[in-house]
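Single-structure report; data block below.
Computed from the coordinates by the stated procedures, all read-outs in this text should not be read as laboratory data. Nothing here was measured: the structure is a model prediction, and the numbers come from that model. We place every Cβ from the backbone using ideal geometry, glycine too, and count neighbours over all the protein chains shown.
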Amino acid sequence: MKERFLWMLTAILTCGLLTTSCSDNDDQSSPRDEVEEQLAKMTLREKVGQMFFVRMETLDTTIHWNAYSDLQENPIHEVNKTMRDVNANYPIGGLILYAWNIDDEAQLAKLIPQIRALNGHPLLCIDEEGGRVSRLANNPNFNVKKYESMAAIGATGDPKNAYECGNTIGTYLKHYGFDIDFAPVADVNTNPDNIIIGLRAFSDDPQVAAPMVTNYLQGLKDAGVTGCIKHFPGHGDTKTDTHFGYASTQKTWEEMMDCEMVTFKAGIQWGCQLIMTAHIGAPNVTGSDVPSTMSSVILQDKLRGELGYQNIIITDGMEMGAITQQYSSAEAAVSSIKAGVDIVLGPKNLVEAFDAVMDAVNKGTITEERINQSVRRILKLRQQ
């Protein structure tokens, strides 16, 4: 099964619409036709696997951790036997590397082929925003350009500087073998008490931030790397850090439309392929404290319905405190998919989350067509 699936996904990457070597003149199938053909060949388990993007440690079920410091103290630098054994039954669509997984160029060069060989043919992802959140640039063993912050770039008032930043980062990420960069931050940093976004945002003015976001995305794209704008519906007006607990915004949707949505609408109009959710509550929009990651009002009514976004919705890390303090890995995965998420990023317990989604489909709580909707978007991304 693994070999068949790897071949199948490789075919997506190599036999796209613009590739003539994989078809003759009588076969002018569209990209959608090819996606449908691939989807029809996949088992339910293979399809569900594409909806999980995980960290290295998630595949090693012998690791039990409570704080991020636990992972940093005992870092994984290679794919071990336990990970391969777990992955044989739990295919994944993507894998994200953190700073502690990366030692130097030689180690990274050895690791990436191991990741590529995993069941599910995972896409390789990283948080490389520039500034404080830069897994490679902040590693002294990598000789790549460092940036002070996105706020410093925004302060120049020139979107060309955001393009240069995105293109430079994208160029070295492509060189090292990454597919997706979870950047740029599209939040508008309007709350001076915000302890998590701050200088990661381009500006406290949405009119300044919006062209910075789209130019950064274009820079990544021109380098051959897919960007992801975050954190929807906007983490810039919060006071607490969702890595460690609950956070919320008190804004109404009308207020968001005048501020936060300016940058997200710009990204959508540009054609961004991924939008990452925030685990923040927005009670004056949804009428409840449920995290936006699990809110159909935020994801379906607002993001897809009102803003017209049709591409991939990916969660922020589901191992973050805002989720784990309230929900199990199973509850979080099922609830987020029901709300409209396409990719569940970083569940703390992959086996529990994966089994719960499979069980939900088998029981009819989630339809297989709902799974197909997400997998179509993921296969389309792979095809591009």
Self-check item: Prolate/oblate/rounded call for region 254-326, Cα gyration tensor, a/c under 1.5 rounded
Solution: oblate
Exercise. Compute the length gained on full extension between ARG304 and GLU369: take 0.36 nm times their separation in residues and subtract their Cα-Cα distance, giving the result in nm to one decimal.
Key: 21.7 nm
Quiz item: Given region 209-354, what percent of its DSSP beta bridges are antiparallel, to the nearest 5?
Solution: 10 percent
Self-check item: Sequence-distant aspartates and glutamates (8 or more away, or on other chains) whose Cα lies within less than 17 Å of LYS380
Solution: ASP33, GLU34, GLU36, GLU37, GLU46, ASP179, ASP342, GLU369
Exercise. Take the alpha carbon gyration tensor of region 239-375, find the square roots of its eigenvalues, order them as a ≥ b ≥ c, and report rounded if a/c is under 1.5; if not, report prolate when a/b exceeds b/c, else oblate.
Key: oblate
Quiz item: For the residue pair GLU331 and ASN138, what label-to-label distance in nm results when each label sits 7 Å from Cα along the Cα-to-beta-carbon direction?
Solution: 3.1 nm
Practice problem: Once you have the Cα-Cα distance between GLN114 and GLN250, take 0.36 nm times their residue separation minus that, and quote the gain in nm to one decimal. | Solution: 44.5 nm
Quiz item: For the residue pair GLU37 and ASP85, what label-to-label distance in nm results when each label sits 7 Å from Cα along the Cα-to-beta-carbon direction?
Solution: 3.9 nm
Quiz item: Can you give the translational diffusion coefficient of region 300-384 in µm²/s, computed by Stokes-Einstein from the Kirkwood radius over Cα pairs at 25 °C and 0.890 mPa s?
Solution: 183 µm²/s
Quiz item: Magnitude of the Cβ-charge dipole of region 110-170, K/R +1 and D/E -1, about the Cα centre, nearest 20 debye?
Solution: 280 debye
Quiz item: Taking N as the number of residues in the chain, what value does Rg over Cα atoms divided by 2.2 N^0.38 Å take?
Solution: 0.94
Quiz item: Do the sum for the chain: with -39,500 (n - 2.57) for every DSSP H run of n ≥ 4, divided by all residues, what is the mean residue ellipticity at 222 nm, to the nearest 500 deg cm²/dmol?
Solution: -13000 deg cm²/dmol
Quiz prompt | Pairs beyond 32 Å (Cα-Cα), from LYS302/LYS363; LYS174/LYS265; LYS251/LYS363; LYS110/LYS230; LYS81/LYS145 | solution = LYS251/LYS363; LYS81/LYS145
Quiz prompt | Potential lengthening between LYS338 and ASN311 on full extension [0.36 nm per residue; Cα-Cα distance subtracted] | solution = 8.1 nm
Practice problem: Evaluate the charge dipole of region 137-183 about its Cα centre and quote only its size in Debye, nearest 20, assuming +1 on the Cβ of each Lys and Arg and -1 on the Cβ of each Asp and Glu. | Solution: 120 debye
Practice problem: Please compute P(r) over all alpha-carbon pairs of region 46-115, binned at 5 Å starting from zero, and give each bin as a whole-number percent. | Solution: 3, 16, 27, 26, 19, 8, 1
Quiz item: Using +1 on the beta carbon of Lys and Arg, -1 on that of Asp and Glu, and nothing else charged, what's the dipole of the chain about the Cα centre, debye to 20?
Solution: 500 debye
